[in-house]
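Data block below; observations after.
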Amino acid sequence: MRRGLVTQLFAPEQFAALGALLDFGDRPVTQSLDDPRLRTVHTLITGWGCPWIGPEELARMPALRAIHHAAGTVKEHLDPEVWHRGIRVTTAAAANAIPVAEYTLAMILLEGKGVAAAAAAHRQDPAGDLTPQFERIGNHRRRIGVLGASKIGRRVIALLRGFDVDVAVSDPYLPDDDPIREHARVVELDELFASSDIVSIHAPLLPETVGLVSRRLLGLMPDGATLINTARGPIVDHAALVDEIRAERLRAVLDVTDPEPLPAGHVLLESPSVIVTPHIAGALGNELRRLGESVVGEAQRAARGEDAMHAVSLGELAAMA
């Protein structure tokens with residue numbers, strides 16, 4: 001991982017806790033998988049920017065027994081051969097889900113209250129009468145649709161339990177006995193878009209989810225509804241979304257786009273109906289320490305011979321974001 005990232009992820013006490021479990025040697029950080037020291041490494045701590053680890057790289061690490069990833073998905077970093085060799089893989093995806101869910105909750109409440117639209121109108125005409133807008137805003141019994149019962153989607157639903165909103169979820173892989181059904185109405189995709197004032201996307205980017213939020217689904221959304229995307233840009237048909245925004249029929253909150261970043265002057269950047277943030281929903285700043293805490297916990301469990309709390313199986317790899 002990047003050298004500067006280590007001090008952002010691990011507070012001194014966390015690094016000391018790792019040092020009590022692992023022998024880091026005199027140079028604990030490397031960005032090269034050609035480093036000869038890797039031949040004796042049994043635990044690898046990875047993060048954003050980690051290069052691909054496949055059979056060739058694994059051959060240079062014959063003693064490797066565990067990979068603790070201090071970020072979310074490992075899909076872009078680890079070859080299935082890692083699992084075939086019996087190497088333990090853990091991820092801090094659950095820790096990274098927390099700030100994404102918090103961002104989503106904040107945007108749901110702000111959009112429900114019409115904050116961005118009201119602020120823009122007030123900026124243009126401070127003495128203007130906004131009473132007509134007030135009749136359409138508020139979060140009481142606001143209908144929220146969650147697309148994807150992922151770690152983040154589930155945490156969003158859990159956070160929404162503290163508010164007087166009606167929550168629906170759509171996920172084709174949701175088991176019949178899933179406890180999430182106690183807290184959200186399970187619906188088909190069409191109904192989710194047709195019946196929600198705000199739809200928040202929490203699905204992984206897979207071949208079958210590229211363009212999932214299509215022109216047809218966007219067309220089902222009620223006038224004035226908001227689409228929130230903190231997942232991956234290509235899940236949304238951006239050409240169709242642009243048409244809806246130009247027609248002033250929908251609003252959007254986008255932390256991810258396609259392409260990312262959008263070119264200067266793009267309609268989604270210029271429209272007052274759209275909030276675009278530069279991929280900030282995930283862990284940043286002091287939130288990175290939560291990822292470090294997750295790694296320390298996994299290393300401690302491994303040292304005690306306990307099962308991992310956030311293990312990644314080979315079967316889960318294909319469905320990861």
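The values are calculated or read from the model by the stated rules, or taken from the named source; none is laboratory data. Note that the structure is a prediction, hence the values are computed from the model and not measured. Here the Cβ positions follow ideal geometry from the backbone for every residue, glycine too, while neighbour counts run over all protein chains shown.
Against the conditions (1) loosely packed, with under 15 Cβ neighbours inside 10 Å; (2) aliphatic (A, V, I, L, M); (3) at pLDDT below 95; (4) assigned to a helix (DSSP H, G or I), where does Ala106 fall short? Just the number, please.
All conditions pass for Ala106, except number (3).
If I filter the stretch 161-192 down to residues being closer than 17 Å to Pro222 by Cβ and either touching an Asp or Glu at 6+ places or on another chain (Cβ under 6 Å) or among the small types (Gly, Ala, Ser) (or both), which single residue comes out as surrounded by the fewest Cβ atoms within 10 Å (Cβ to Cβ)?
Selected residue: Ala168.
Taking Glu56 as the residue in question, decide whether it is in a helix (DSSP H, G or I), touching a Ser or Thr at 6+ places or on another chain (Cβ under 7 Å), among the acidic types (Asp, Glu) and over 20 Å from Arg289 (Cα atoms).
So Glu56 does not fit the description; no.
So, in the stretch 303-317, of the ones that are in contact (Cβ under 8 Å) with a residue 60 or more places away in the chain and either in contact with a helix residue (DSSP H, G or I) (Cβ under 8 Å, 6 or more places away or on another chain) or assigned to a loop (DSSP other than H, G, I, E, B) (or both), which residue ends up farthest from Ala71 (Cα to Cα)?
If we take residues in the stretch 303-317 being in contact (Cβ under 8 Å) with a residue 60 or more places away in the chain and either in contact with a helix residue (DSSP H, G or I) (Cβ under 8 Å, 6 or more places away or on another chain) or assigned to a loop (DSSP other than H, G, I, E, B) (or both), then Ala303 is farthest from Ala71 (Cα to Cα).
What pairs come up if the first residue lies in the stretch 57-85 and is assigned by TED's automatic domain parsing to the domain that holds Pro204, the second is crowded, with 17+ Cβ neighbours inside 10 Å and of a type outside the set (Gly, Ala, Ser), and their beta carbons are under 9 Å apart, counting only those six or more places apart or on different chains?
none
Residue under question is Thr43, and the condition is that it be under 29 Å from Gly25 (Cβ atoms) and either surrounded by fewer than 18 Cβ atoms within 10 Å (Cβ to Cβ) or without any contact (Cβ under 8 Å) to a residue 12 or more places away in the chain (or both); does it hold? Quick ask: steps written out before the conclusion?
On the way: under 29 Å from Gly25 (Cβ atoms): yes; either surrounded by fewer than 18 Cβ atoms within 10 Å (Cβ to Cβ) or without any contact (Cβ under 8 Å) to a residue 12 or more places away in the chain (or both): no.
No.
Do you know which residues across the stretch 155-196 are under 20 Å from Val213 (Cβ atoms), out of contact with any helix residue (DSSP H, G or I) (no Cβ under 6 Å at 6 or more places or on another chain) and assigned to a loop (DSSP other than H, G, I, E, B)?
The answer is Asp171, Pro172, Tyr173, Leu174, Val187, Glu188, Ser196.
Out of curiosity, is Ala117 on the phi < 0 side of the Ramachandran plot, assigned by TED's automatic domain parsing to the domain that holds Ala194 and under 26 Å from the mean Cα position of the chain (by Cα)?
Numbers: on the phi < 0 side of the Ramachandran plot: yes; assigned by TED's automatic domain parsing to the domain that holds Ala194: no; under 26 Å from the mean Cα position of the chain (by Cα): yes.
Criteria not met by Ala117.
Select from the stretch 68-87 the residues that are in a loop (DSSP other than H, G, I, E, B) and among the acidic types (Asp, Glu) and write down the one among them that is farthest from Trp48 (Cα to Cα).
Just the residues of the stretch 68-87 that are in a loop (DSSP other than H, G, I, E, B), to begin with: 70-77, 79-80, 85-87.
With among the acidic types (Asp, Glu) added as a condition, the list becomes 76, 79.
On the way: Glu76: 10, Asp79: 16 Å.
The extreme case among them is Asp79.
Name every residue in the stretch 139-150 that is surrounded by fewer than 21 Cβ atoms within 10 Å (Cβ to Cβ) and within 23 Å of Leu212 (Cβ to Cβ), in order of residue number. Talk me through it step by step, then tell me what you get.
If we filter the stretch 139-150 for residues that are surrounded by fewer than 21 Cβ atoms within 10 Å (Cβ to Cβ), which is where we start, we get 139-141, 143.
Arg143, the sole residue that qualifies.
So how many residues does the stretch 166-206 have that are more than 23 Å from Asp237 (Cα to Cα) and out of contact with any His (no Cβ under 8 Å at 6 or more places or on another chain)?
Counting residues in the stretch 166-206 that are more than 23 Å from Asp237 (Cα to Cα) and out of contact with any His (no Cβ under 8 Å at 6 or more places or on another chain) gives 14.
Scanning the stretch 254-302 for residues that are touching a helix residue (DSSP H, G or I) at 6+ places or on another chain (Cβ under 6 Å) and charged (D, E, K, R), which turns out surrounded by the most Cβ atoms within 10 Å (Cβ to Cβ)?
Asp258
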